[in-house]
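The values are calculated or read from the model by the stated rules, or taken from the named source; none is laboratory data. Quick caveat, the model's predicted, so the values are computed rather than measured. FYI the Cβ positions are ideal-geometry reconstructions off the backbone, even for glycines, and counts take in every protein chain you see. All accessible areas refer to the heavy atoms of the entire protein, side chains included, with ligands and DNA or RNA removed. Shrake-Rupley method; radii C 1.70, N 1.55, O 1.52, S 1.80 Å.
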Amino acid sequence: MRKFLSIFIPVVVCFLTGLTASYFQADAIESWYPFLNKPALTPPNIVFPVAWGIIYLCIGISVGLVILTQSLYRKTVVTLFVVQLFFNFLWSILFFYFRNPLLGFIDILILDFLVLFYVVRSYQVRKIASYLFLPYLLWLCFATYLNGFILLNN
């Protein structure tokens, strides 16, 4: 049961974070975001919740696996996870709620670094935990591109 909860609880926390962030995004997604100049590579809106669902599942499992290990770096990796999740949530507030692509861009650059650092550090703890973060890192690189384009073209 301990193993199950060590993975289940972080997954639930990730989804609750995303759900809470979506509350703050809802108005801007309808009344502001559609009217921005966006790059041609911008996916349809339906792609975002699907991608984030997969990502939240992967990163929740990742940190759960880290929690289950006995490693000198475990506490550091869990702390990195919490900090990056905060910046993940904060991006939605800055970009959508405050409708501020500049602050969103600054936040996502910090988030990129934190996630990359998590990938490197978690590799030392449990390789699969690091691999589970790679889709998130790739998506963040794409999101950074989208945010940067919006910042420069609006």
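Filter region 88-106 for residues that are farther than 23 Å from Lys75 by Cβ and either among the aromatic types (Phe, Trp, Tyr) or not in a helix (DSSP H, G or I) (or both) and give the result.
Result: Trp91, Phe95, Phe96, Tyr97, Phe98, Arg99, Asn100, Phe105.
Output the residues belonging to region 107-150 that are of a type in the set (D, E, K, R), touching a residue at least 24 places away in the same chain (Cβ under 8 Å) and assigned to a helix (DSSP H, G or I).
Asp112, Arg121
When residues of region 26-51 are filtered for being surrounded by 13 or more Cβ atoms within 10 Å (Cβ to Cβ), touching a residue at least 40 places away in the same chain (Cβ under 8 Å) and within 20 Å of the chain's Cα centre (by Cα), how many remain?
Qualifying residue count, region 26-51: 5.
Looking at (1) of a type in the set (Gly, Ala, Ser); (2) within 21 Å of Tyr97 (Cβ to Cβ); (3) at pLDDT 95 or above, can you tell me which one Ala40 breaks?
For Ala40, the failing item is (2).
Might you check whether a residue that is out of contact with any Leu (no Cβ under 9 Å at 6 or more places or on another chain), surrounded by fewer than 19 Cβ atoms within 10 Å (Cβ to Cβ) and of a type outside the set (S, T, N, Q) occurs anywhere in region 101-108?
No: region 101-108 contains no residue that is out of contact with any Leu (no Cβ under 9 Å at 6 or more places or on another chain), surrounded by fewer than 19 Cβ atoms within 10 Å (Cβ to Cβ) and of a type outside the set (S, T, N, Q).
If we keep just the residues of region 114-154 that are of a type in the set (D, E, K, R) and buried (at least 16 other Cβ atoms within 10 Å of the Cβ), which is farthest from Val83 (Cα to Cα)?
Arg126
Take Pro39 and tell me if it is closer than 13 Å to Ala143 by Cβ and not in a helix (DSSP H, G or I).
Details: closer than 13 Å to Ala143 by Cβ: yes; not in a helix (DSSP H, G or I): yes.
Yes, satisfied.
Suppose the filter is open to solvent by 50 Å² or more (accessible area, probe 1.4 Å), part of a helix (DSSP H, G or I) and closer than 15 Å to Leu132 by Cβ; does Leu57 pass it? Spell out the reasoning first.
Working: open to solvent by 50 Å² or more (accessible area, probe 1.4 Å): yes; part of a helix (DSSP H, G or I): yes; closer than 15 Å to Leu132 by Cβ: yes.
So Leu57 fits the description; yes.
Among the listed residues Thr69, Thr76, which satisfies the condition of being within 23 Å of Arg126 (Cα to Cα) and crowded, with 17+ Cβ neighbours inside 10 Å?
Only one candidate qualifies: Thr76.
Just give me the residues in region 27-36 being closer than 15 Å to Leu152 by Cα and not in a loop (DSSP other than H, G, I, E, B), in sequence order.
Across region 27-36, the qualifying residues are Tyr33, Phe35.
If I go through region 5-25 residue by residue, how many of them are touching a Gly at 6+ places or on another chain (Cβ under 9 Å) and either over 13 Å from Ile93 (Cα atoms) or open to solvent by 60 Å² or more (accessible area, probe 1.4 Å) (or both)?
11
Please enumerate the residues belonging to region 68-85 that are under 17 Å from Phe117 (Cα atoms) and out of contact with any Leu (no Cβ under 7 Å at 6 or more places or on another chain).
If the condition is that a residue be under 17 Å from Phe117 (Cα atoms) and out of contact with any Leu (no Cβ under 7 Å at 6 or more places or on another chain), then Ser71, Leu72, Tyr73, Arg74, Lys75, Thr76, Val77, Val78, Thr79, Phe81, Val82, Leu85 are the ones that fit.
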